[in-house]
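Below: one structure, written as structure tokens.
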Amino acid sequence: MTDLSPVHTDRAPAAIGPYAQAIVTDGWVFCSGQIPLDPETGELPGGSVAEQTELVLSNLRAVLEAAGSSLSHVVKTTVFLSDMGTFAEMNEVYARYFGAHRPARAAVQAAALPKSVDVEIECVARVARG
């Protein structure tokens, strides 16, 4: 049987339901979707899609680091947007965070996202070696 190790860090928002921030198994990290919650207050600071994406990716980076990985080890992301018309705004911030690294990605418009946010991102990554 495969060992499933839940990940928790105070540097990202606590799960708002019965799930882990991420699960590590067999050298892989499966991150739950992150939304733009302030990890210190648990509140939604609001703001533009760019500002929300900034906080989402900061939270995702914190979860990955707690799991022994990083944004540079991400293999696949899924981006959920409340309005596909904000794709370019999200994509500008996303490109800055990932730099030259280009993981596989899907981007979809969702009818509704948790807490009525405008962006949520989940990912799968490899655990960093060495």
Total residues in segment 19-47, condition more than 17 Å from the chain's Cα centre (by Cα), at pLDDT 95 or above and within 26 Å of residue 116 (Cβ to Cβ): 0
Any hit, segment 75-90, residues being within 16 Å of residue 10 (Cβ to Cβ), under 14 Å from the mean Cα position of the chain (by Cα) and modelled with pLDDT of 95 or more: no
Residue that is surrounded by the fewest Cβ atoms within 10 Å (Cβ to Cβ), among those in segment 1-22 that are among the aliphatic types (A, V, I, L, M) and part of a loop (DSSP other than H, G, I, E, B): 1
Residue that is nearest to residue 11 (Cα to Cα) [pool: residues in segment 46-71 that are touching a residue at least 12 places away in the same chain (Cβ under 8 Å) and not in a helix (DSSP H, G or I)]: 67
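The values are calculated or read from the model by the stated rules, or taken from the named source; none is laboratory data. Note that the structure is a prediction, hence the values are computed from the model and not measured. Reconstructed Cβ throughout: ideal geometry from the backbone, glycine too, with neighbour counts over all protein chains shown.
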